[in-house]
Amino acid sequence: DAMVIQNPRYQVTQFGKPVTLSCSQTLNHNVMYWYQQKSSQAPKLLFHYYDKDFNNEADTPDNFQSRRPNTSFCFLDIRSPGLGDAAMYLCATSRGTYEQYFGPGTRLTVT
Amino acid sequence: GQSLEQPSEVTAVEGAIVQINCTYQTSGFYGLSWYQQHDGGAPTFLSYNGLDGLEETGRFSSFLSRSDSYGYLLLQELQMKDSASYFCAVIRRDDKIIFGKGTRLHILP
């Protein structure tokens, strides 16, 4: 089945230790998104790629970076995780913008 | 500025109908989407309104009034499995997507 895959599902990292989350898709969608979602809050858009065009949200901290080496893969790098970065990180894809397909998410814990 | 308002919680009875409202204020409005999210799960797409009016998909319907900056999600014949959080999301012409804070739907047997 075509889908959005996120690895790992659970990630524990130490304060200040860089961490990379990955997302892959078999839907061949041209748009990919990274969201941060904290408990009982709305998903907050961090970045999105329209094909190779990178779009950074104005309030996304510099601590967060992203790479999309090809259509299928997208990575979220957190250079120096802080306790406040503990959250669920959701990857999503779409052909346009109104119907997004979300992966299962990676739950990040910072110790 | 921009904002989305939706009730934080709604309670309804199994088999009944419930409406979850969403009002928005944003520039460059393009459309309104609705997503369902179960605890611990990822959001799943329910519906999209780009034009005024009602869109129906099975037990779920969504409505948009652009002139009133208002939309709603209507869930009919409620089932226990519909207990979840429901998010409205504004799509802007610059491709920016803004999610509301979500409405937690509780269903009583």
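Each reported figure results from applying straightforward, stated rules to the coordinates on display, with no laboratory input. The structure displayed is predicted, hence computed values, not measured ones. When we count neighbours, we look across all protein chains shown, and the Cβ atoms used for this are built from the backbone with ideal geometry, even at glycine.
Selection of segment A:29-43 for residues being crowded, with 17+ Cβ neighbours inside 10 Å and without any contact (Cβ under 8 Å) to a residue 12 or more places away in the chain yields only A:A42. Within segment B:49-75, residues that are over 15 Å from B:S33 (Cβ atoms) have Cβ atoms under 8 Å from residues that are acidic (D, E) and assigned to a loop (DSSP other than H, G, I, E, B) in these pairs: B:R59/B:E77; B:S65/B:D52; B:S67/B:D52, counting only partners at least 6 apart in sequence or on another chain.
Residues in segment A:69-105 that are away from every other protein chain (no Cβ under 14 Å) and surrounded by 19 or more Cβ atoms within 10 Å (Cβ to Cβ): how many? Residues flagged as away from every other protein chain (no Cβ under 14 Å) and surrounded by 19 or more Cβ atoms within 10 Å (Cβ to Cβ) within segment A:69-105 amount to 5. In the set (1) away from chain A (no Cβ under 14 Å); (2) under 26 Å from A:G105 (Cα atoms), B:Q19 fails one condition alone, (2). Kindly indicate whether any position in segment B:20-32 is closer than 25 Å to A:Y101 by Cβ and free of Cβ contacts under 8 Å to residues at least 60 places away in the same chain. Within segment B:20-32, one or more residues are closer than 25 Å to A:Y101 by Cβ and free of Cβ contacts under 8 Å to residues at least 60 places away in the same chain.
Only residues that are surrounded by fewer than 17 Cβ atoms within 10 Å (Cβ to Cβ) and under 19 Å from B:I17 (Cβ atoms) were counted in segment B:35-54, giving 2.
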